[in-house]
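Asker: There's a structure below that I have some questions on.
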Amino acid sequence: MVLLARRKSLIAALLFVIAVAVYPLAFPDSYHLGVGISAGAMAVSTVGVVLLLGLAHQLAIGQAAFSMIGGYANAILCVRYGWDPFAALLAGAVMAMALAYVVAAPILKLRGFVLAMATLALHLMLIVVAVELSFTGGPMGVTGIPKFHVFGISLADDRAFFWFVWLLVFGAVWIGLNIDRSAIGRALRAIAASEQAAGSVGVDITRHKVQMFVIGGGMASVSGSLLVHYLRATDPTVFGFSYSINLITGTIIGGLTSIWGGALGAAIIIFLRELLRDLALPLWESVIMGALTVIVLIAFPRGIAGFVSRIYDRMANEREVGRVVVTEPGAVAMQPLANPPMSHQPFLEVAGVSRAFGSLRAVSNVSFTVGPGAITALIGPNGAGKTTLFNLIGGYLTLDAGVVRFEGREIQALPPRDVAQLGIGRTFQNLQLFDNMTVLENVMCGQHRFTTHAVLPIALRLAAQRQEAGIRHAALEALGFVGLQGAEQHEPAVLPFGHQRLVEIARALALRPRLLLMDEPASGLNDTETERLAELIVRIAALGVTVLVVEHDMRLVMGLADHVVVMDHGEMIAEGAPDVVRGEPAVIAAYLGQEAPARAA
Amino acid sequence: MDTTVLLQLLLPGLTTGCVYALVALGFVLCANVSGVVNFAQGEFVMLGGMAAAWLIGLDLPFVLAILVATALGAGVGALQEFLTLAPVRRQPHFIQITTTVGFAVVLRGITLIVAGKDALSLPGFSGDGVFFVFGAILPVQSLWVWGATLLLLLGTFSFLRYTNVGRAVRACSINLQAARLMGVNAERLRVIVFAVSGATGALAGVVITPLVLASWDAGLTYSTKGFIGAILGGFRSPATAVLGGLFIGLLESLGAGYVSSGWKDFIVYGVLLAWLLIQGGVFLRGRAGAVTGGP
């Protein structure tokens, strides 16, 4: 699928290059060149909108604010201070990105639509500033903006400027594609599919959304700069509300989830606008843009790019993605842990942990330790509080009292992503795979904690390539280790349930966990699959990974575990070696429903 | 401080605040039953004012024009939910919200085509006279705005409190999932709530138009200011949303009076930004999603 995406992207690039090369030759007059320049200027920012809206799921309703900063920075710096246009363009981008960071970093914590409204408010504030200050030229704006030149080369000729603008579009697309295919792109898609699972592999969602916001702001700013150099003037109406709307509509028509689609959408919008003007229907612009937004979202949520891509898939029959071969666990070897935990210290220590939901005491005062390198099973009847305890250890729930120590460090206050960063992996009882990615990409997400998340090296492809190869290699290894080969390019949803479980285990293993938490891994599996699972768990432990498994299936547990902790009604009722625990009256009572003979509380 | 000057600012602020309050109320009610922030909320106000003024321009009787404008608000609200939101219900949340933005733009565009670019006006319901409150001069129309708002609020809150449908709406605002499990017909409820908030918005637009003119592009301001009111009120409780909306009206008027009318919007939007930055930066360190109420 990744290769397929590459090939599609290559075809798109080729078509774009041809279109950009041919257009000025076919339409050499200044009107058409101007339309092409406007389309290019807009395409720079729609690429940013794809990152924001399509990838980070943040409604970019106030993007015009950042274009306005770029536009006015250029107008003022070039006209009043005689700056070089290119320097002004860069300065505008830096200003916009700084502002985007200052606004987004705190507000993104509040989630959802709030940031959309905050940026709209920012935009409307900037309009007031532009209208009210004489420095910005008031309602009349700034005129006499010079034509663009860069490094002493004049771009006064429309055709030269056209090519320069589209060169920047390709630059923006390149950056967008680098991000889309990087660990950051995967992290953002992971969040869209399942926040819990994204947390379990250590994804810091706020950080990545802020990154997209800052990059989108920078692109919007460059776009605004280019526009004012083409118009040679700016005023507050240039960057009005409809500017933002056109960006959104264009991106949606072109294809929210495709970088190339964003660029295409910008071109479509600009040509559509010109067409309406030619038809003397400028008043219809608003209705048509709004209606297109709604209709495309309802009928083709992935826009033209998604539509074309699907047709291409069908024609090329690229869905032939290989046959899945299930092998014995461990068919592909994995490196054992380089520094396995030492045996003399308590590895995971749960001390006096309690958690109540209202008046229900789901977990009350539970204490036990998990030795390094061992397989510990946490068992108990339904409603015993096992999964709650699991979620407390993993940081998915906050505890009311108690301490959880991992290798001597208190972790009970950490959010899941930080717990994962320490090397604690987990699987979920109800599978939480990222259904918007292939099996391989799912497992690659497991490597998140080993990857660079700095956006600059990724955007400029300084770190990404070598890193990606390593990630892919590790992911394939993990898939082979769990005994699932040939499934890489499938979407997880098409696999049988038992295979999906293996994918999730592979994802957790790709994290190179020191401790692996498995929540009822055998549920939904048949006997053969359960046997394989038992063997797999033993092999995982042999890598030096400590395993804590919550399980219902007594047979699985008794044959597997070195140590068993039994819970009932939120309390720990027994602990010890499997054979010892099996004989405890309290355990028998809990499982068979007898009245427990005077159990110690 | 001169009380007369202060009153001369506060009372008109209260009048526009009434409109923001009703928009804020609509925001919260729609979000509670559908989980979607309806960015078209302010467009209902614009629609009501424009429709009434345009219909009266066609020589429709005054009362009939008002009724038609209000019914139009209700119809458009219901239509929005039924036609544009129901089909994207299973899409990600941001797509649903984007759909409401698109719908808002359509409403603006249609109004522009039908009624034209120029701002329209309405005569005061009982003449264009004025009255005095402790020396402050107010147009008589203010009384209509206050009265209409009071009636609409009373109506909405007794609907929420005393009718079955209203109780269902409140159940949804506490826990949408649980309410659905308890047999609340969420689909029907959404259409009703969108219709009600459309009608409230439109009627607010009708009564405010004699004071501020109606224009095709006025909805955006009503949306943003009503939204700010709702956010300041926590975006969950209808009552605090109303207070938030009133506060924005007063703040805006004070800003216009003591700073300048050009900068009043800057002040209001600045308050929103500052509030959000403080909430995100200080109060909510690590606790995500607490103010939004939405999913």
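The values are calculated or read from the model by the stated rules, or taken from the named source; none is laboratory data. No experiment lies behind these values; they were computed from the predicted model shown. Glycine gets a Cβ as well: all are built from the backbone with ideal geometry, and neighbour counts include every protein chain shown.
Asker: Being assigned to a loop (DSSP other than H, G, I, E, B) and either modelled with pLDDT under 90 or within 14 Å of another protein chain (Cβ to nearest Cβ) (or both) is the requirement here; does B:GLN91 meet it? Let's see the steps before the verdict.
Answerer: Working: assigned to a loop (DSSP other than H, G, I, E, B): yes; either modelled with pLDDT under 90 or within 14 Å of another protein chain (Cβ to nearest Cβ) (or both): yes.
In short, yes.
Asker: Would you point out the residue of the range A:74-115, among those that are among the aromatic types (Phe, Trp, Tyr) and assigned to a helix (DSSP H, G or I), that is farthest from the other protein chains (Cβ to nearest Cβ)? Steps first, answer last, please.
Answerer: Within the range A:74-115, the first condition is being among the aromatic types (Phe, Trp, Tyr), and the residues that meet it are A:81, A:83, A:86, A:101, A:113.
Add one more test, that the residue is assigned to a helix (DSSP H, G or I), and what stays is A:81, A:86, A:101.
Details: A:TYR81: 25, A:PHE86: 31, A:TYR101: 12 Å.
The extreme case among them is A:PHE86.
Asker: From (1) surrounded by fewer than 20 Cβ atoms within 10 Å (Cβ to Cβ); (2) within 30 Å of A:LEU53 (Cβ to Cβ); (3) out of contact with any helix residue (DSSP H, G or I) (no Cβ under 7 Å at 6 or more places or on another chain); (4) not hydroxyl-bearing (Ser, Thr, Tyr), pick out the condition that doesn't hold for B:VAL63.
Answerer: B:VAL63 satisfies every listed condition except (2).
Asker: Further question on the same structure: With respect to B:VAL105, is the statement that it is within 14 Å of another protein chain (Cβ to nearest Cβ), part of a helix (DSSP H, G or I) and touching a Phe, Trp or Tyr at 6+ places or on another chain (Cβ under 8 Å) true?
Answerer: Details: within 14 Å of another protein chain (Cβ to nearest Cβ): yes; part of a helix (DSSP H, G or I): yes; touching a Phe, Trp or Tyr at 6+ places or on another chain (Cβ under 8 Å): no.
No; evaluated as a whole, the condition is false for this residue.
Rundown of residues vs (1) of a type outside the set (A, V, I, L, M, F, W, C); (2) touching a Leu at 6+ places or on another chain (Cβ under 9 Å), yes/no style:
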residue: B:ALA178; (1), (2): no, no
residue: B:ASN185; (1), (2): yes, no
residue: B:LEU189; (1), (2): no, no
residue: B:GLY229; (1), (2): yes, yes
residue: B:TRP263; (1), (2): no, no
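Asker: Same structure again: Consider B:ALA71 carefully, then state whether it is more than 10 Å from chain A (Cβ to nearest Cβ) and among the small types (Gly, Ala, Ser).
Answerer: Details: more than 10 Å from chain A (Cβ to nearest Cβ): yes; among the small types (Gly, Ala, Ser): yes.
Considered against the rule, which asks whether it is more than 10 Å from chain A (Cβ to nearest Cβ) and among the small types (Gly, Ala, Ser), B:ALA71 comes out as yes.
Asker: Is it fair to say A:ALA118 is of a type in the set (Gly, Ala, Ser) and at the interface with chain B (Cβ under 8 Å from one of its Cβ atoms)?
Answerer: Working: of a type in the set (Gly, Ala, Ser): yes; at the interface with chain B (Cβ under 8 Å from one of its Cβ atoms): yes.
Yes, satisfied.
Asker: Sticking with this structure for a sec: Output the residues belonging to the range B:48-81 that are under 20 Å from the mean Cα position of the chain (by Cα) and of a type outside the set (A, V, I, L, M).
Answerer: Let us first name the residues in the range B:48-81 that are under 20 Å from the mean Cα position of the chain (by Cα), namely B:48-53, B:66-81.
Once the filter is applied, which keeps residues that are under 20 Å from the mean Cα position of the chain (by Cα) and of a type outside the set (A, V, I, L, M), the range B:48-81 yields B:GLY48, B:GLY49, B:THR70, B:GLY73, B:GLY75, B:GLY77, B:GLN80, B:GLU81.
Asker: So, A:ILE127, is that one at pLDDT below 90, within 14 Å of another protein chain (Cβ to nearest Cβ), crowded, with 19+ Cβ neighbours inside 10 Å and under 36 Å from the mean Cα position of the chain (by Cα) or not?
Answerer: The answer is no for A:ILE127.
Asker: To continue, here is another question. For the range A:168-246, list the helices (runs of 4 or more DSSP H) that sit wholly inside it and hold at least 3 residues that are polar (S, T, N, Q) and farther than 30 Å from A:MET444 by Cα; which are they?
Answerer: Details: elements: A:183-193, A:195-200, A:205-231.
In the range A:168-246, A:205-231 are the helices (runs of 4 or more DSSP H) which contain 3 or more residues that are polar (S, T, N, Q) and farther than 30 Å from A:MET444 by Cα.
Asker: Here is a further query. Does B:GLY127 qualify as being free of Cβ contacts under 8 Å to residues at least 60 places away in the same chain and away from every other protein chain (no Cβ under 12 Å)?
Answerer: Considered against the rule, which asks whether it is free of Cβ contacts under 8 Å to residues at least 60 places away in the same chain and away from every other protein chain (no Cβ under 12 Å), B:GLY127 comes out as yes.
Asker: Taking the stated definitions as given, is B:ILE228 at the interface with another protein chain (Cβ under 9 Å from one of its Cβ atoms), crowded, with 24+ Cβ neighbours inside 10 Å, of a type outside the set (Lys, Arg) and assigned to a helix (DSSP H, G or I)? Spell out how you get there, then give the answer.
Answerer: On the way: at the interface with another protein chain (Cβ under 9 Å from one of its Cβ atoms): yes; crowded, with 24+ Cβ neighbours inside 10 Å: yes; of a type outside the set (Lys, Arg): yes; assigned to a helix (DSSP H, G or I): yes.
Against the criterion (at the interface with another protein chain (Cβ under 9 Å from one of its Cβ atoms), crowded, with 24+ Cβ neighbours inside 10 Å, of a type outside the set (Lys, Arg) and assigned to a helix (DSSP H, G or I)), B:ILE228 qualifies.
Asker: Can I ask one more? Given the condition of a type in the set (Val, Ile, Thr) and either crowded, with 24+ Cβ neighbours inside 10 Å or away from chain B (no Cβ under 14 Å) (or both), answer yes or no: does some residue in the range A:269-277 qualify? Before you say what the answer is, go through the steps one by one.
Answerer: Here is the first cut: in the range A:269-277, the residues of a type in the set (Val, Ile, Thr) are A:269-270.
If we keep only those that are either crowded, with 24+ Cβ neighbours inside 10 Å or away from chain B (no Cβ under 14 Å) (or both) as well, we get A:269-270.
Within the range A:269-277 (the criterion being of a type in the set (Val, Ile, Thr) and either crowded, with 24+ Cβ neighbours inside 10 Å or away from chain B (no Cβ under 14 Å) (or both)), the answer is yes, since at least one residue qualifies.
Asker: Still on this structure: Taking only pairs six or more apart or across chains, which ones have beta-carbon atoms under 9 Å, a first residue in the range B:250-268 that is more than 10 Å from every other protein chain (Cβ to nearest Cβ), and a second residue that is modelled with pLDDT under 90 and crowded, with 18+ Cβ neighbours inside 10 Å?
Answerer: Note: no pairs meet the criteria.
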